[in-house]
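Right, one structure below, let's go through it.
Taken together, the values in this text are just the output of simple stated rules run on the coordinates, not laboratory data. None of these values were measured; they are calculated from a predicted model. Counting neighbours? That spans all protein chains shown, and the Cβs are built from the backbone with ideal geometry, glycine included.
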Amino acid sequence: MNLIVLVLDSLRQDHVSFYNEGNAAFDDVAACKTPNIDKFAAGAVVFDNMYAEALPTIPVRAALVTGNRTLINRPWSPLSRNDVSLPQITALEGYVNGLASDVYHYRAGGMTYHEYYHSYQWVRGQEYDPYRSQPSRRDLNDYVNENYDELWRGRVAQFLANTDDFDTTEKWFAPQLTDITARWLSANRGHDKTFFWMDCFDPHEPWDPPAEFDTYTDPDYRGPRLVMPMGGPAKDWATPEQIRHIRGLYAGETAAVDDALGRVFDTLEKEGYYDDSIVVLMGDHGHPLADHDKFLKGADRMYNELLKVPFMIRLPEGRNGGRRVTALAQFHDFLPTVLDYMGLAGSTHDMHGTSLRAVIEGDTDEHRETILVGYHEGVDRCIRNKRWSLIVRPADDMDELYDLENDPQEQNNLIGARGDVAADLRGRYGAIYFQVGRPGEGRNHGQVSDGQNVLDVQGAYEMSSGMTP
């Protein structure tokens, strides 16, 4: 049995029209259309409540490929020699492994996530990957406003330099990556057993969709094209019109990614992979679009827009396809599940996650009673069951409790009225789960200040590793 995994970075669940039933995520931006993902979902088992455990990008990948929790025991870091990973397991079992990605953190110094693949291919230039050294031919002032400081102007300038030559849709990142994926799948169809992992950085910011997909912004908007939002309260650096424009760019980017995925789905069908393969499509996390005042990921943004992601698993011949399940699950359950279906359950004994097979087969719609999400470097935590979401804040801030059934936008904090629910959820996890990093390392919000702006944890890693311009 083959395994194909398709990961999309920063894809909000409410921007996949299959999940949102065609409804718009925001009143002032048209509903995002994702026909290719929707078609795939119709033949898959679709999860409503699959969550990361530790954010952001690299900690998520660590959990996915090892089947283990990472929140309290590892920061953003490479796989170690002590980790047992998915490609290592499949290589030992006789699989031919392939990787294609434009997630430039994979190729940062010291990263090891490409090990045990028989082939791996990179697409360069995403975000502020130090790819092009020449100045952009475009005017930077068309892409920033007066509130952008030198750090953020430099980040935008790097992205513009990287993408100056994008004069046709096919040169954008997602089409490049899906073309590589489609070619690999076709060329390697003759192997007895194959495993392929496509890791797409889009729709991660910057959001600069090709013209044919830039249809979600106001055509009368005349302000700067703010392809890369800043951190901190959005009202401090952007006008309402600019906020709406940024949201439209994100929707356009998502629609463009969906279109590019079509060529992968077509190849899977044409080459017969749908008959003998497990195909998983998922997001790694969502992305705040000033739903609760801020853009960008951050340890204090423990709301649906960051936490809710699409997760779909298609079994060979579409078995059980069309089922939608509400079971609570987390990313460390992914690896035990796919190995179980591949006949490799004997490799899962030391994993923290557990197989979702009973849920996928329809024997139950229960898996975990609660889930816990946070950043290793952050102090804020989110504890959820199917109905309630508790956000545990630092001691000097008020905790938050939301009724997800009746308040999915998380606007009405019920912490005062339902302290019993909050106490029950909080009591399920010991103090160690609310410690920042290792004991004795101190406490913070998982963010660093650069003066006027608040940067997310991912940005802090990129700066410290020389990944910024």
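Sort CYS200, CYS32, CYS382 so the one with the fewest other Cβ atoms within 10 Å of its own Cβ comes first.
Ascending number of Cβ neighbours within 10 Å: CYS382, CYS32, CYS200.
Run the numbers on the chain and let me know its relative contact order in percent, using alpha-carbon pairs under 8 Å that are six or more apart. Each step should come with its number before you reach the end.
Details: 987 pairs, mean separation 114.1, N = 469.
Relative contact order for the chain comes out at 24 percent.
Any chance you could check the Cα centroid distance between the stretch 242-274 and the stretch 28-103 for me, in angstrom?
A separation of 18 Å, based on Cα centres.
Given contacts defined as C-alpha pairs under 8 Å and at least six residues apart, what's the relative contact order of the stretch 88-239, whole-number percent?
On the way: 182 pairs, mean separation 46.3, N = 152.
Relative CO of the stretch 88-239 lands at 30 percent.
Going by how many other beta carbons lie within 10 Å of each one, how would you line up PHE213, PHE434, PHE295, fewest first? If you can, show how the numbers build up before the last one.
Working: PHE213 21, PHE434 17, PHE295 27.
Ranking PHE213, PHE434, PHE295 by Cβ neighbours within 10 Å, fewest first, gives PHE434, PHE213, PHE295.
Taking trypsin sites (Lys or Arg not before Pro) that fall in a DSSP loop and have at most 10 other Cβ atoms within 10 Å as cut points, what is the longest piece of the chain between them?
Between exposed loop sites, the widest span is 223-469.
Would you mind checking which residues have amide H under 5 Å from LEU344's amide H? H placed 1.01 Å from N; only 5 or more apart, or other chain.
Amide H neighbours of LEU344: none.
Only counting other Cβ atoms within 10 Å, I'd like LEU281, LEU328 sorted with the fewest neighbours first.
In increasing order of surrounding Cβ atoms, one gets LEU328, LEU281.
Among the DSSP beta bridges whose two residues both lie in the stretch 2-369, what percent are antiparallel, rounded to the nearest 5?
So the antiparallel bridges in the stretch 2-369 amount to around 25 percent.
Sequence-distant or interchain residues sharing an amide H contact under 5 Å with TRP388, placed H: which?
Amide H neighbours of TRP388: LEU404.
For GLU366 paired with ARG387, estimate the spin-label separation in nm (one decimal), with each label point 7 Å from Cα along the Cα-to-Cβ line.
1.4
Distance in nm between label sites at ASN145 and ASP48, each 7 Å beyond Cα in the beta-carbon direction?
Between ASN145 and ASP48, the label points sit 3.7 nm apart.
Say the cut-off is 22 Å between C-alpha atoms; which of LYS33/LYS270; LYS39/LYS193; LYS39/LYS386; LYS39/LYS308; LYS235/LYS297 go over it?
Violating the 22 Å Cα-Cα cut-off are LYS33/LYS270; LYS39/LYS193; LYS39/LYS386.
Give the residue from THR215, HIS118, VAL144 lying farthest towards the positive end of the charge dipole for the chain; charges sit on Cβ (+1 for Lys and Arg, -1 for Asp and Glu) and the dipole is referred to the Cα centre.
It is HIS118, whose Cα lies furthest towards the positive end.
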